[in-house]
Amino acid sequence: MIELIDPSSPDGPSSPDDHEETVRPGPWWRHALWVAGITVLGVGAGWAGAFFRIGPEEYGLPSAAPGEIWPYLLAWTASGLAVAAVLRAVAARVPVYAVGRIAAVLTALGTRVSLGWRPEAPVLAAMAAAALTVAAIWCAMALRSPSRGDRERRVASSA
């Protein structure tokens, strides 16, 4: 699905593995569209998941608590935009593995947990900061590790 939003080659994706860890250059509007789409996907998945209880009553994740949900959806939309923008900005420069999945899962999990427990503002801010920290660590690992192509060239040149 992500390849439909952002194909890395002009002729389209040839296999699912070809575009998993590639640099994603392109015009700013394509990056902005991708960030918005992934955020909507994550918030929507978290909201849809909040309609159901996960696990037993004693320790499971409760369904959405009664009350106003819009502040939580707006908070996770803003957080999801920030997480997706950070990941996409790094992916435009270096290969990053599973950028869309990481952004969508972090946003969906935050939305789902927030709608189930309705945390106060400081806890909600800490959850958003944790999601941004995970995204930053993911980006740092991508920036520190050599890409597959570089590794393959080094192995081929040393043989």
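The values are calculated or read from the model by the stated rules, or taken from the named source; none is laboratory data. Source: prediction; values computed, not measured. Cβ atoms come from the backbone with ideal geometry, glycine included; neighbour counts cover every protein chain shown. To get the accessible areas, we keep the full protein, side chains included, count just its heavy atoms, and leave off ligands, DNA and RNA. Shrake-Rupley method; radii C 1.70, N 1.55, O 1.52, S 1.80 Å.
Among the residues of region 79-115, which ones are farther than 25 Å from TRP29 by Cβ, open to solvent by 10 Å² or more (accessible area, probe 1.4 Å) and not aliphatic (A, V, I, L, M)?
Within region 79-115, ARG112 is the sole residue that qualifies.
Right, ARG53: in contact with a strand residue (DSSP E or B) (Cβ under 8 Å, 6 or more places away or on another chain) and farther than 22 Å from ALA128 by Cα or not?
Considered against the rule, which asks whether it is in contact with a strand residue (DSSP E or B) (Cβ under 8 Å, 6 or more places away or on another chain) and farther than 22 Å from ALA128 by Cα, ARG53 comes out as yes.
Do you know which residues across region 42-72 are among the aliphatic types (A, V, I, L, M) and open to solvent by less than 80 Å² (accessible area, probe 1.4 Å)?
Across region 42-72, the qualifying residues are VAL43, ALA45, ALA48, ALA50, LEU61, ALA64, ALA65, ILE69.
Going by what's in this entry, would TRP76 be described as open to solvent by less than 50 Å² (accessible area, probe 1.4 Å), among the aromatic types (Phe, Trp, Tyr) and in a helix (DSSP H, G or I)?
Yes: the conditions hold for TRP76.
Any residue in region 14-24 that is modelled with pLDDT under 70, polar (S, T, N, Q), assigned to a loop (DSSP other than H, G, I, E, B) and under 17 Å from the mean Cα position of the chain (by Cα)?
yes
Does any residue in region 137-149 that is modelled with pLDDT under 90 come within less than 8 Å, Cβ to Cβ, of a residue that is exposed (fewer than 14 other Cβ atoms within 10 Å of the Cβ) six or more places away or on a different chain, and which pairs are these?
Matching pairs, first to second residue: PRO146/ARG154.
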